[in-house]
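The values are calculated or read from the model by the stated rules, or taken from the named source; none is laboratory data. What you see is a predicted model, and the numbers here were worked out from it, not measured in a lab. Glycine gets a Cβ as well: all are built from the backbone with ideal geometry, and neighbour counts include every protein chain shown. Ligands, DNA and RNA are excluded from the accessible area calculation, which covers all protein heavy atoms including side chains. Shrake-Rupley method; radii C 1.70, N 1.55, O 1.52, S 1.80 Å.
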Amino acid sequence: IYNMYDRFSKKLLKPKEIAEKAGVLTSKIAFYTSIGIISPAHLSEGGQKLYDEEEVLRQMCRIKRLTEKGLSLDEIREKIGYSKNSRKLMIIDDEQEVVDLIVDVLKDKHNFDMVIARDGFEAGRLIGSNFPDLIILDLNLPGINGFELCRIIRQDELQKGVKILAITGYY
């Protein structure tokens, strides 16, 4: 529960405010929330849902893009819907031992839906359809290297807020 200062300092918006920014009706925000496609970031002291502006606008762009591809809301929910206990993690590494280590360390401690890519080309294809919350990225990849892939991800408006943890075997 956040007070008014927190609401403005963290760009948390009321449903009507986020609807105006997204160019949709407030009822659409409420509906998407009820079916789990978007999620409020916090509750106000009075119990009103507050939304993270950047995250919801990014999610609305994803929904629009997938709708244009012909996906139904059920398919969109399955692909990008929120779960209170699960986040999407993408591991991009060409070394199986490293992938296995990361999976072993994280699988019991966190409830991640994990997607694995073995090179930069595969990663580019999978990122656009999986919308990860966190990417663990090897910098030394075959094909497109991790530095270039990171630049590509950062230039994509739909991936703007994704967290990237870069790793490398170089020392």
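For F147, F112, the ranking by accessible surface with the largest value first comes to F147, F112, using a 1.4 Å probe. What shape does segment 103-171 have by the C-alpha gyration tensor, where a ≥ b ≥ c are the square roots of the eigenvalues, rounded means a/c under 1.5, and otherwise prolate means a/b greater than b/c and oblate the rest? Oblate. Taking a straight Cα-Cα cut-off under 13 Å and skipping sequence neighbours fewer than 8 places away in the same chain, the aspartates and glutamates within cross-link reach of K49 are E17. The residues of segment 23-171 expose on average 57 square angstrom of accessible surface per residue, using a 1.4 Å probe on protein heavy atoms.
DSSP beta bridges fully contained in segment 45-134 are about 10 percent antiparallel. Scalar couplings 3J(HN,Hα) for segment 119-128, obtained by applying the Karplus form with A = 6.51, B = -1.76, C = 1.60 to θ = phi - 60°, are 8, x, 5, 4, 4, x, 5, 6, 4, x Hz; x denotes Gly and Pro. Beta bridges assigned by DSSP with both partners in the chain are antiparallel in approximately 25 percent of cases. For the chain, the share of accessible area belonging to carbon and sulfur comes to 53 percent (1.4 Å probe, ligands and nucleic acids excluded). Taking amide H positions as modeled 1.01 Å from N, with prolines and chain starts lacking one, the residues under 5 Å from K88 and 5 or more places away or on another chain are D113, D133, L134.
Among M114, M60, the sequence by solvent-accessible area, most first, with a 1.4 Å probe is M114, M60.
Would you list which aspartates and glutamates come within 17 Å of K109, measuring only between C-alpha atoms, while excluding same-chain residues fewer than 8 positions from it? Candidates past the 8-residue exclusion: D100, D133. All other residues whose Cβ lies under 10 angstrom from that of I92 are scored, Lys and Arg at +1 and Asp and Glu at -1, for a net of -4.
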